[in-house]
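All remarks here apply to the structure that follows.
What follows is calculated from the coordinates using simple rules that are stated; it is not laboratory data. Please read these numbers as outputs of a predicted model, since none were measured by experiment. Positions of Cβ are generated from backbone atoms using ideal geometry, with glycine treated the same way; all protein chains shown enter the neighbour counts.
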Amino acid sequence: MFDYVVVGGGIGGVVSYAILKKIGKKVALLEKESYLGGCSGTFKRKEYLYNVGASTLVGLQDHMPLGKVFKFLNLPKPKVKKLEVPMVVFVGDKAIKRYSDKEKAVLELENNFNYKNLRSVWQKVYSISDANWQNIYNVIPINYKNPKLLFKKFAENYRYLLKALPYQFKTSYDFFKDNLGDFDEDFKDFLDNQILMTSQGYSRDVSISVGSMGLTYPNLDNYYVYGGMGKVFDCLVDDYKNVFLKHKVIKIKKVKDFFQVITDKEVFEAKNVILNKTIWDYCDLLEDFKDACIKNRKKYSKIWSSLTIYFNLEDKNNVVDEHHYQIIHKDINPYTGSNSFFVSISDKEDEVLTKDGEKSVIISTHCRISFWQDLSKQEYLEKKEKAKDFILNRLFEYVPKFKDCKIKNVMVGSPKTFQRYTGRYNGTVGGIPLIKDYIPFKYPFNFTPIKGVYLVGDSVFPGQGWPGVIIGVLNLLLQIEDIDEILH
Ligand SMILES: Cc1cc2nc3c(=O)[nH]c(=O)nc-3n(C[C@H](O)[C@H](O)[C@H](O)COP(=O)(O)OP(=O)(O)OC[C@H]3O[C@@H](n4cnc5c(N)ncnc54)[C@H](O)[C@@H]3O)c2cc1C
């Protein structure tokens with residue numbers, strides 16, 4: 001009998017597994033694929049490797065979420081390279097380098113956007129975001145259904161909370177409008193799409209509290225991971241004794257005071273179950289609890305999926321020498337509903353992802369789920385082709401140097417692909433939007449209606465991206481186990 005069975009080996013499941021194992025719990029991790037990582041894994045096609053989705057890593061320093069986990073586990077970190085320019089954003093006729101250094105970042109913005117107060121407004125954005133980061137570990141664990149805990153946390157952190165709360169109720173758009181005055185379409189597109197990337201919502205829907213963290217994402221230490229994001233999972237899981245790959249969980253049954261976790265291979269028994277599933281689909285595994293997820297599908301309906309393009313770039317001369325670009329184009333992509341996409345290219349010296357001068361590239365874009373439903377096989381294939389052409393044409397237009405390199409082995413992933421691969425409802429990836437409809441008072445936490453069954457991942461507090469998912473894991477484990485030491 002296990003103390004815990006963790007279902008799903010995404011970053012949420014793997015971090016939960018590793019921490020529980022470290023504190024001496026008997027724990028098993030079940031993953032349906034042949035490798036760990038989910039949306040953040042690295043997959044192989046023919047002899048090439050590609051990141052599935054996530055490609056930018058932040059939070060590896062000791063005071064940041066993943067850094068804290070590595071320190072607690074006392075395990076070596078993956079081989080990484082710190083990026084001085086974590087991304088270049090193309091908008092209108094501008095190519096804006098998003099420097100990691102805060103002063104350089106502001107100067108670059110001032111060089112591209114001519115607004116009198118831009119510097120002071122951006123300093124304010126830094127200070128809102130910094131305050132959130134400095135206080136996050138004091139504020140967790142939070143759980144709206146536990147008033148005693150809420151009161152305790154409020155009493156301990158009221159100075160920060162009272163100062164921070166007004167920023168939760170002002171949208172990012174209004175914040176800039178009030179402080180900067182009128183701004184042009186390029187600046188709005190820039191705000192919208194930089195915020196969308198980390199918050200799954202646009203500036204009119206995302207508070208400046210959340211938006212500031214998206215806008216300053218490049219100012220956190222950003223890393224390139226040699227060998228792909230999947231390498232981080234190899235580092236977090238130091239032995240695979242109780243990691244069961246190719247084990248798809250089909251049902252979870254409550255039997256007296258324990259759970260039977262039924263996979264397509266064998267049955268596991270556990271006192272507790274942690275589901276690395278979303279609030280929209282975890283109920284599929286539980287008998288008699290379908291309602292909870294159906295309710296969530298209605299309550300949290302503003303959700304995105306992703307369209308991805310994977311290929312190899314013949315670039316022996318390292319013509320494309322940056323790692324990440326965000327392209328913001330004027331027109332809306334009719335196959336996705338968004339007007340931007342993110343491009344990640346492997347390092348020339350990465351011997352795993354770059355083979356014989358052929359770099360591994362992933363392009364990802366936010367995609368409306370409804371655009372890919374109810375299609376015949378033929379329509380589906382044609383749509384994939386058109387979506388690919390649309391995006392590659394915009395890439396060549398905004399970053400012409402891509403045209404100097406040959407593109408090979410192109411593959412397209414749609415919401416349907418993500419649904420099949422991650423098991424997530426309708427291919428809902430990227431996480432629950434951090435929009436004002438849900439935050440701060442309607443946000444889902446780690447608890448399910450069944451005692452002993454918990455949720456981790458990017459659809460529960462505080463949401464997406466590696467830092468968000470890891471803080472969510474800590475939020476849960478701090479409430480059910482004694483892991484306080486990890487915060488110090
Ligand atoms: C295109 C894209 C780009 C992104 N870029 C970044 C980025 O650059 N940086 C960043 O920090 N974040 C990024 N994100 C967000 C980040 O990848 C996700 O928020 C995060 O990886 C989600 O992790 P998760 O723990 O919720 O689990 P998931 O990644 O959803 O993993 C769930 C796992 O559970 C497994 N599973 C599901 N059902 C079962 C079952 N029945 N039995 C067994 N196993 C099961 C799945 O196979 C999967 O491995 C990106 C996301 C996408 C989609």
Checklist line | Orientation-averaged projected area, Cα convex hull of region 333-486 (nm²) | finding: 13.4
Item checked: Computed [θ] at 222 nm, helices only, for the chain once each DSSP H run of length n ≥ 4 contributes -39500 (n - 2.57) -> -11000 deg cm²/dmol
Next item on the list: Using only the alpha carbon atoms of region 412-488, find the Kirkwood hydrodynamic radius as the inverse mean reciprocal pair distance, in angstroms to one decimal.
Entry: 13.8
Check: Which FRET efficiency value, to the nearest 0.05, is calculated for Lys177 and Ser127 with the Förster distance at 25 angstrom and r the Cβ-Cβ distance?
Finding: 0.85
Check: Across 5 Å bins from 0, what is the distribution of all Cα-Cα pair distances for region 257-386, in whole percents?
Finding: 2, 8, 11, 12, 11, 13, 14, 12, 9, 5, 2, 0, 0
Margin query: Per residue of region 317-332, what does 6.51 cos²θ - 1.76 cosθ + 1.60 with θ = phi - 60° give for ³J(HN,Hα)? Whole Hz please, x for Gly and Pro, Karplus curve as stated.
Written below: 8, 6, 5, 8, 9, 9, 9, 9, 10, 10, 9, 10, 9, 5, 8, 7
Check: Taking Lys406 as the anchor, which lysines have their alpha carbon closer than 19 Å to its alpha carbon, excluding any fewer than eight residues away along the same chain?
Finding: Lys46, Lys316, Lys348, Lys355, Lys359, Lys388
Margin query: Nearest 5 percent is fine: what portion of the DSSP beta bridges confined to the chain is antiparallel?
Written below: 75
Note to self: Assuming 0.36 nm per residue, please report the length gained on full extension of the stretch Tyr158 to Lys145 beyond their Cα-Cα distance.
What the structure shows: 2.8 nm
Notebook entry, point to check: What nm value, rounded to one decimal, do you get for the distance between Asp404 and Glu379 when each label is placed 7 Å out toward the C-beta?
Noted result: 4.3
Check: Under 22 Å Cα-Cα from Lys265, which lysines qualify once same-chain neighbours fewer than 8 residues away are excluded?
Finding: Lys26, Lys32, Lys241, Lys246, Lys248, Lys251, Lys253, Lys254, Lys277
Check: Modelled label-to-label distance, Asp284 and Asp264, 7 Å Cα→beta-carbon offset: nm?
Finding: 1.2
Check: Kirkwood Rh, Cα Rg: Rg to Rh for region 101-219?
Finding: 1.02
Next item on the list: Determine the alpha carbon to alpha carbon distance for each of Lys94/Lys177; Lys94/Lys163; Lys377/Lys408; Lys386/Lys408 and list only those over 28 Å.
Entry: Lys94/Lys163
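Semi-axes of region 1-139's equivalent ellipsoid from the Cα gyration tensor, sqrt of 5 times each eigenvalue, largest first, rounded to whole Å?
Numbers: eigenvalues 274, 92, 30 Å².
Square roots of five times the eigenvalues give 37, 21, 12 Å.
Chymotrypsin sites (Phe, Trp or Tyr not before Pro) within region 372-460: which are DSSP loop residues with at most 11 other Cβ atoms inside 10 Å? Walk me through the numbers on the way to the answer.
On the way: sites: Trp372, Tyr380, Phe390, Phe396, Tyr398, Phe402, Phe418, Tyr421, Tyr425, Tyr438, Phe441, Phe445, Phe447, Tyr454; in loops: Tyr438, Phe441, Phe445.
Sparse-neighbourhood loop chymotrypsin sites (Phe, Trp or Tyr not before Pro): Phe441.
Listing Glu382, Glu33, Glu47 from the residue with the fewest other Cβ atoms within 10 Å to the one with the most, what is the order? Mind showing how you got there, number by number?
Numbers: Glu382 12, Glu33 19, Glu47 9.
In order of increasing Cβ crowding within 10 Å: Glu47, Glu382, Glu33.
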Notebook entry, point to check: With Cβ to Cβ distances under 10 Å as the rule, what net charge do the other residues near Glu33 carry (K, R +1; D, E -1)?
Noted result: +2
Item checked: Calculated diffusion of the chain, Stokes-Einstein form, Kirkwood radius summed over Cα pairs, 37 °C and 0.692 mPa s, µm²/s -> 142
Check: Which Cys in the chain stand alone, with every other cysteine's Cβ at 4.7 Å or more from theirs?
Finding: Cys39, Cys235, Cys367, Cys405
Next item on the list: With a cut-off of at most 15 other beta carbons within 10 Å, and DSSP calling the residue loop, which trypsin sites (Lys or Arg not before Pro) in region 426-461 qualify? Please list them.
Entry: Lys442, Lys451
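Using Cβ counts within 10 Å as a stand-in for footprinting exposure, how do Asp3, Asp93 rank, fewest first? Please report the intermediate quantities before stating the final value.
On the way: Asp3 16, Asp93 8.
Exposure proxy ranking, most exposed first: Asp93, Asp3.
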Notebook entry, point to check: For the charge dipole of region 101-219, defined by +1 on Lys and Arg C-beta atoms and -1 on Asp and Glu C-beta atoms about the Cα centroid, which residue among Ala155, Ser172, Ser212 has the Cα displaced farthest towards the positive pole?
Noted result: Ala155
Next item on the list: Two decimals is fine: what's Rg over Rh for region 343-383, C-alpha atoms, Kirkwood radius as Rh?
Entry: 1.24
